[in-house]
Structures are given as C-alpha cells and as structure tokens.
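Asker: Please see the structure below; I have some questions.
Throughout, read-outs are computed from the coordinates displayed, never taken from laboratory work. Quick caveat: nothing in here was measured; it's all calculated off a predicted structure. All Cβ positions, glycine included, derive from the backbone under ideal geometry; neighbour counts span all protein chains shown.
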Amino acid sequence: MALREKIQLILSVKDTPHRISIAFALGIFIGMSPLFGVHTLLGLAVAYVFRLNKLVTIVGVYVTNPWTIIPIYTFSTWVGAKCLGINKILPDIDWRHITFSALVNDFSPLLIPFIVGTVLIGVLSSIVSYMIVFHLLKGRNA
C-alpha cells in the first residue's frame, strides 16, 4: 500500500480525530519498539483493548517494515548510545574467527542503547504522528 493510499485510508475512517490519531500514534510507537516479531500482534491487542480502529493502528505499526527497519533501528541504537554517553558504538569484531555466539557476545553491549533508543524514538515519533494526523483530520472536518 502506497503512502498516499495509507493517508487516504486513515482520513476516511469514521471516528473522532482524537481516537484515529491515538490509534495511529500507538501503532507508530509499537512499530518503533524493540519488540520486533510481535509488532502486529501487539498492535492488534492494544487496538482491541482500547477499542481503537485496528486498521489504523496496524498502518502505524507497519511504518517499520523490511525497507525501513534497518535505518530506524540503526538510528535508534545510535540515539540510545548517545543518550547513555557511549562513544564507541560498533565493537571490534574478529572476522577470522566469527561464530554466532561471538557475534552475540560482541553486540550484547548494544542491547541497552537499542532499547533506550527505540523507546525514545518511538515516544517522539508517536507524539509527532499524533499531531500530524490530528491536524489533517481537523482540516478534513473544517
């Protein structure tokens, strides 16, 4: 689904601007979260619990997709590392003796910056997305 189609879909939902904006913003937050692999299920569950539009929430969740996930998660990890005062982000890797357990060990120091960064970027992105969608929807009703 193209970006224009996603925007038209969101603008065509019959609900209050606040509820549509909340559904999209929660989807954005979930999509940016470090809980990779359960984004869709979590988005549907949150929409169900709060009685929000499931489709709008999932559109927000899918802002993180196979084309955007690497830049989003890389940037978020970098932001988390900067917030935590970590200057050296990439570990030294012995490429001659690479194993899965060595990779896990080498990249484990990035776990906390990854979590901090994705939560921070998720919160900021959801706030901005709420304001944008709410503004677009208020313009629709004007």
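Asker: Tell me, how many Å apart are the Cα centres for the stretch 80-111 and for the stretch 54-69?
Answerer: About 28 Å separates the Cα centre of the stretch 80-111 from the one of the stretch 54-69.
Asker: Let me ask you something else. Sorting Ile70, Ile132, Ile30, Ile121 on the 10 Å Cβ count, fewest up front, what's the list?
Answerer: Ile70, Ile132, Ile121, Ile30
Asker: Two decimals is fine: what is log10 I(q)/I(0) at q = 0.13 Å⁻¹ for the stretch 55-115, from a Debye sum with one equal scatterer on every Cα and no solvent?
Answerer: -0.48
Asker: Taking only the C-alpha atoms, wrap a convex hull around the stretch 6-142 and report its volume per residue in Å³ as a whole number.
Answerer: Dividing the Cα hull volume of the stretch 6-142 by its residues yields 111 Å³.
Asker: For the stretch 3-141, what number of Lys pairs, 8 or more residues apart or on separate chains, have alpha-carbon atoms under 26 Å from each other?
Answerer: Lysine pairs meeting both conditions in the stretch 3-141 amount to 6.
Asker: Need one number: nm distance between label points at Leu124 and Leu136, each 7 Å from Cα along Cα→Cβ, rounded to one decimal.
Answerer: Label-label distance for Leu124 and Leu136, simple model: 2.1 nm.
Asker: Would you order Thr40, Thr64, Thr99 from fewest to most other beta-carbon atoms within 10 Å of each residue's own beta-carbon?
Answerer: Starting with the residue having the fewest Cβ neighbours, the order is Thr99, Thr40, Thr64.
Asker: To continue, here is another question. Using the number of other C-beta atoms within 10 angstrom as an exposure proxy, rank Ser126, Ser21, Ser101 with the fewest first.
Answerer: Ser101, Ser126, Ser21
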